[in-house]
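Below is one structure. I have some questions about it.
The values are calculated or read from the model by the stated rules, or taken from the named source; none is laboratory data. A quick note: this is a predicted structure, and the numbers were derived from the prediction, not measured. Note that we place each Cβ from the backbone using ideal geometry, even for glycine, and neighbour counts take in every protein chain shown. All accessible areas refer to the heavy atoms of the entire protein, side chains included, with ligands and DNA or RNA removed. Shrake-Rupley method; radii C 1.70, N 1.55, O 1.52, S 1.80 Å.
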Amino acid sequence: MISDALLAAFGLGIFALLLTAALSPLETLSWWAGWTEEELDETTPPPPNPDSKPRRYIVYLSGVASLSGEFLLPRERSFIRKLHNRFPDAVIVSDVFPYSPNGMPLLETPRLFDRIWRRAQMLKLRERESLFHTLINLRNIFQVMVSADHRYGPIFNQGAANVIETALIEDGYTRGSGAPVIIIGYSGGAQVAVGAAAFLKARLNAPIDVISLGGVLASDPGLHYLRKLHHITGDKDNIERVGAIIFPDRWKLMGYSDWNAGKKDGRIEIHRLANMSHAGVKGYFGRPPVNGVSNAERTLEQIADLI
């Protein structure tokens with residue numbers, strides 16, 4: 001009976017995965033059609049005080065293991081706290097869910113397979129690996145691929161930019177103030193950050209910088225609108241290398257791609273961290289000390305230097 005239940009759960013999980021993959025572009029198109037999106041407040045913001053210095057705003061976009069902007073892994077929460085302590089004068093926005101064009105978390109209805117996502121959240125809180133954990137990753141990877149797609153990407157990325165802008169405004173950002181925005185995109189969050197850059201720059205009229213942390217990202221046209229992209233990668237991060245392989249425009253022989261053009265003119269800088277992998281205790285947010293210093297502390301120091 002137990003084996004039958006496991007087989008049934010596995011079958012339902014595979015069905016959910018395949019259906020999610022097929023519907024990934026449709027979620028973007030439904031947002032574009034106006035079926036799921038609440039209109040962004042277009043009221044004119046008050047003019048910025050010319051005597052006040054613009055504050056620094058930092059947006060954190062979680063990796064593909066994310067279920068919602070409100071749900072961060074303990075390692076990520078610890079990193080955000082330390083980042084806030086390092087930059088107490090900055091506004092840090094960490095509640096954005098980047099894997100939906102309208103920012104709807106997996107745990108909110110209406111969504112198919114809501115029970116699956118809630119079961120996955122419970123297991124993740126217990127730090128237990130499971131099939132559900134894999135389903136979350138794969139579901140969000142499909143959304144990253146939509147963001148990188150030349151057909152659906154501009155639509156998805158415009159929605160992601162709206163979600164990021166809304167979160168910034170709710171935390172006090174003023175359009176036209178010129179306050180710089182720094183987006184830290186972990187894993188697939190880096191692709192969403194770069195994809196949204198063109199729309200954010202146009203709407204905020206402010207410089208946009210992206211710090212890619214183990215980012216799996218394409219040679220996206222949004223790279224052209226960044227003031228700077230800092231691409232941090234661990235020398236043992238095999239997941240990050242996937243992006244450099246599966247997106248041909250990132251290959252060195254594509255000399256005129258947005259990625260290679262950005263590297264040539266200095267807008268894209270690569271920073272390599274030794275003995276660091278993509279996730280887990282040996283990943284960017286790993287907390288066990290190695291020679292007295294944890295990976296999380298090394299990552300924080302690298303990002304702090306770049307900021």
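Does segment 265-275 hold any residues that are open to solvent by 20 Å² or more (accessible area, probe 1.4 Å), closer than 26 Å to Ile208 by Cβ and not basic (Lys, Arg), and which are they?
Here is the first cut: in segment 265-275, the ones open to solvent by 20 Å² or more (accessible area, probe 1.4 Å) are 265-267, 269-272, 274-275.
Next, only the ones that are closer than 26 Å to Ile208 by Cβ stay: 265-267, 269-272.
Correct list: Asp265, Gly266, Glu269, Ile270, His271.
Quick check on segment 199-236: of everything there that is over 17 Å from the mean Cα position of the chain (by Cα) and either open to solvent by less than 10 Å² (accessible area, probe 1.4 Å) or β-branched (Val, Ile, Thr) (or both), which residue is farthest from Arg56 (Cα to Cα)?
Gly234
Does Ala120 meet the test of being crowded, with 19+ Cβ neighbours inside 10 Å and modelled with pLDDT of 85 or more? Outline the logic, then answer.
On the way: crowded, with 19+ Cβ neighbours inside 10 Å: yes; modelled with pLDDT of 85 or more: no.
It is false that Ala120 is crowded, with 19+ Cβ neighbours inside 10 Å and modelled with pLDDT of 85 or more.
Need the failing condition index for Leu112 against (1) modelled with pLDDT of 85 or more; (2) within 29 Å of Ile246 (Cβ to Cβ), just the number.
(1)
Then there's this: Which condition from (1) within 26 Å of Gly69 (Cβ to Cβ); (2) of a type in the set (Ser, Thr, Tyr); (3) open to solvent by 60 Å² or more (accessible area, probe 1.4 Å) is the one that Tyr256 breaks?
Condition (1) is where Tyr256 drops out.
Mind listing whichever residues of segment 194-247 are more than 19 Å from Ala160 (Cβ to Cβ) and polar (S, T, N, Q)?
Thr233, Asn238
Anything in segment 123-149 that is among the aliphatic types (A, V, I, L, M) and at pLDDT 85 or above? List them, or say none.
Going through segment 123-149, the residues among the aliphatic types (A, V, I, L, M) turn out to be 123, 125, 131, 135-136, 138, 141, 144-146, 148.
Across segment 123-149, the qualifying residues are Ile141, Val144, Met145, Val146, Ala148.
Going by the conditions given, is Ala179 modelled with pLDDT of 90 or more and crowded, with 18+ Cβ neighbours inside 10 Å? Spell out how you get there, then give the answer.
Details: modelled with pLDDT of 90 or more: yes; crowded, with 18+ Cβ neighbours inside 10 Å: yes.
Yes: the conditions hold for Ala179.
Got at least one residue in segment 221-232 being among the β-branched types (Val, Ile, Thr) and out of contact with any His (no Cβ under 6 Å at 6 or more places or on another chain)? If you could, list the steps in order and put the result at the bottom.
Going residue by residue through segment 221-232, those that are among the β-branched types (Val, Ile, Thr) are 232.
This time we only want the ones that are out of contact with any His (no Cβ under 6 Å at 6 or more places or on another chain), so: none.
No - not one qualifying residue is present in segment 221-232.
Restricted to segment 276-307, and to residues that are part of a helix (DSSP H, G or I) and among the basic types (Lys, Arg), which residue is nearest to Leu213 (Cα to Cα)?
Going through segment 276-307, the residues part of a helix (DSSP H, G or I) turn out to be 280-282, 295-306.
Now drop any that are not among the basic types (Lys, Arg), which leaves 282, 298.
Details: Lys282: 14, Arg298: 12 Å.
Only one residue fits best here, namely Arg298.
Identify, by number, the condition in (1) open to solvent by less than 50 Å² (accessible area, probe 1.4 Å); (2) modelled with pLDDT of 85 or more; (3) not aromatic (Phe, Trp, Tyr) that Asp95 doesn't meet.
(1)
Taking the options Ser94, Ser100, Ser66, name whichever one is of a type outside the set (A, V, I, L, M, F, W, C), in contact (Cβ under 8 Å) with a residue 24 or more places away in the chain and in a strand (DSSP E or B).
Ser94
Let me ask you something else. Ile169: open to solvent by 20 Å² or more (accessible area, probe 1.4 Å), touching a helix residue (DSSP H, G or I) at 6+ places or on another chain (Cβ under 9 Å) and not in a loop (DSSP other than H, G, I, E, B), yes or no? Don't jump to the end; show me each part of the working.
Values: open to solvent by 20 Å² or more (accessible area, probe 1.4 Å): yes; touching a helix residue (DSSP H, G or I) at 6+ places or on another chain (Cβ under 9 Å): no; not in a loop (DSSP other than H, G, I, E, B): yes.
Answer is no for this residue.
For segment 237-253, name all the residues that are assigned to a helix (DSSP H, G or I) and either open to solvent by less than 50 Å² (accessible area, probe 1.4 Å) or farther than 29 Å from Ala65 by Cβ (or both). Working first, answer last.
Keep residues of segment 237-253 that are assigned to a helix (DSSP H, G or I), which gives 238-246, 248-250.
Scanning segment 237-253 gives Glu240, Gly243, Ala244, Arg250.
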